[in-house]
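K.L.:
My structure is below; once you've seen it, I'll send some questions.
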Amino acid sequence: AQSVAQPEDQVNVAEGNPLTVKCTYSVSGNPYLFWYVQYPNRGLQFLLKYITGDNLVKGSYGFEAEFNKSQTSFHLKKPSALVSDSALYFCAVSSGSGGSYIPTFGRGTSLIVHP
Amino acid sequence: SQTIHQWPATLVQPVGSPLSLECTVEGTSNPNLYWYRQAAGRGLQLLFYSVGIGQISSEVPQNLSASRPQDRQFILSSKKLLLSDSGFYLCAWSDGEPYRNEQFFGPGTRLTVL
């Protein structure tokens, strides 16, 4: 079975400071990893994904994520946070093997960026 | 470009009444389709997914059902709603292999069961 953990329910950061939203995963086989963002009362929007290749993945709105196989992590990062980045962030994992055909989503992390 | 529609946007229904939520996708063929429920603005619960017409997989046994009458149409139904069915229902689509391609979500339906 696959699983994903987002250990922080909420992350607070000041505008202009770097931000990190944490994600760790467990799958059998090679992982496929995704980050999505959700603004209030809206559907999720895709930010970025890791399939293979470079461990540092760049995505939309200046976000990036680093795949770390030894630590089974895929943390989302941004060098300089904006107030408009305040939203709910979801990590998801799949592997295409061992029953992991459909991505599993984490519980979400609420990011609050203070002016 | 591809778009995904959901309706209605909001719905208030009494306990025991039927439910029908509709999702349609435009601009793509043979999409994978998904229904999720999100309670209290947090985690997503996968309810159903479909990789083709007539192929529906249920993830959670409950009083909900799903159908795919056309290639790009996905319907979520219930014969009798429960209070616990309240939540934010999201439809999504992806193409190709579900495990390696991102999903695109609709705007959602806010369901309140009273």
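K.L.:
Can you give me the Cα centroid spacing of region B:33-109 and region A:1-66 in angstrom?
P.N.:
Using only Cα atoms, the two centres lie 22 Å from each other.
K.L.:
Quick one: P(r) of chain B from all Cα-Cα pairs, 5 Å bins, percents rounded to integers, in order of increasing distance.
P.N.:
Going from the shortest bin to the longest, the percentages are 2, 12, 24, 27, 19, 10, 4, 1.
K.L.:
I'd like the projected area of region A:30-82, averaged over all directions, using the convex hull of its alpha carbons. Report it in nm² with one decimal.
P.N.:
Hull-based average projected area comes out at 4.3 nm².
K.L.:
Please report the relative contact order for region A:3-114, taking Cα pairs under 8 Å with a sequence separation of at least 6, and give it as a percent rounded to a whole number. Don't skip to the end; give the middle numbers.
P.N.:
Numbers: 280 pairs, mean separation 42.4, N = 112.
Relative contact order for region A:3-114 comes out at 38 percent.
K.L.:
Buried accessible area for the B:A pair, summed, 1.4 Å probe, in Å² rounded to 100?
P.N.:
What B and A bury together is about 2000 Å².
K.L.:
Another question about this same structure. Would you work out which of B:SER86, B:SER57, B:ASN101 lies farthest towards the positive end of the dipole of region B:3-113, given +1 charges on the beta-carbon of Lys and Arg and -1 on that of Asp and Glu, about the Cα centre?
P.N.:
It is B:SER86, whose Cα lies furthest towards the positive end.
K.L.:
Mind checking the dipole of region B:3-113: about its Cα centre, +1 per Lys or Arg Cβ, -1 per Asp or Glu Cβ, Debye to the nearest 20? Don't skip to the end; give the middle numbers.
P.N.:
Working: 8 positive and 8 negative charges, 74 e Å.
Computed charge dipole of region B:3-113: roughly 360 debye.
K.L.:
Hey, another quick one. Determine which lysines satisfy two conditions relative to A:LYS78: a Cα distance under 21 Å, and not lying fewer than 8 residues away in the same chain.
P.N.:
Reachable lysines: A:LYS22, A:LYS49, A:LYS58, A:LYS69.
K.L.:
Local charge sum around B:PHE74 (other residues, Cβ-Cβ under 12 Å, Lys/Arg +1, Asp/Glu -1)?
P.N.:
Values: positive: B:ARG68, B:ARG72; negative: B:GLU22, B:ASP71.
Neighbour charge sum, excluding B:PHE74 itself: 0.
K.L.:
What GluC sites (Glu not before Pro) in region B:20-60 are in a loop by DSSP, with at most 14 other Cβ atoms within 10 Å of the Cβ? It would help to have the intermediate numbers written out before the result.
P.N.:
Details: sites: B:GLU22, B:GLU26, B:GLU59; in loops: B:GLU59.
Taking region B:20-60 and a limit of 14 other Cβ atoms within 10 Å, the loop GluC sites (Glu not before Pro) found are B:GLU59.
K.L.:
Would you tell me the accessible area of A:ILE112, worked out with a 1.4 angstrom probe on the heavy atoms of the protein chains, in Å² to the nearest 10?
P.N.:
50
K.L.:
While we're here: Net charge around A:ASP9, counting only other residues with Cβ within less than 12 Å of its Cβ (Lys, Arg = +1; Asp, Glu = -1)? Present the calculation step by step, with values, prior to reporting the outcome.
P.N.:
Values: positive: A:LYS22, A:ARG107, B:ARG42; negative: A:GLU8.
Combined, the nearby Lys, Arg, Asp and Glu give +2.
K.L.:
Excluding B:PRO31 itself, calculate the net charge of residues whose Cβ lies under 14 Å from the Cβ of B:PRO31, where each Lys or Arg counts +1 and each Asp or Glu counts -1.
P.N.:
Numbers: positive: B:ARG68, B:ARG72; negative: B:GLU26, B:ASP71, B:ASP95, B:GLU97, B:GLU102.
So the surrounding residues net to -3.
K.L.:
Leaving ligands, DNA and RNA out of it, report the carbon-plus-sulfur percent of the accessible area of region B:3-113 at a 1.4 Å probe.
P.N.:
Numbers: 2550 of 4800 Å².
Roughly 53 percent of what the probe reaches on region B:3-113 is carbon or sulfur.
K.L.:
Assuming 1.306 mPa s and 10 °C, estimate D for region A:3-114 with Stokes-Einstein, Rh taken as the Kirkwood radius over Cα pairs, in µm²/s. Please list the in-between numbers first.
P.N.:
Numbers: Rh = 14.0 Å.
Value of D from the Cα-based Kirkwood radius: 113 µm²/s.
K.L.:
Please report, in whole Å, how far the alpha carbons of the protein assembly as shown spread along each principal axis, starting with the longest.
P.N.:
The Cα atoms of the protein assembly as shown stretch 49, 39, 34 Å along their principal axes.
K.L.:
Here is a follow-up. Projecting each Cα onto the charge dipole of chain B (Lys/Arg +1, Asp/Glu -1 at the beta carbon, about the Cα centre), which of B:LEU33, B:THR3, B:LEU21 comes out farthest on the positive side?
P.N.:
B:LEU21
The values are calculated or read from the model by the stated rules, or taken from the named source; none is laboratory data. In this text, all values refer to a predicted model and were calculated from it rather than measured experimentally. Backbone-built Cβ (ideal geometry, glycine too); neighbour counts: all protein chains shown. Ligands, DNA and RNA are excluded from the accessible area calculation, which covers all protein heavy atoms including side chains. Shrake-Rupley method; radii C 1.70, N 1.55, O 1.52, S 1.80 Å.
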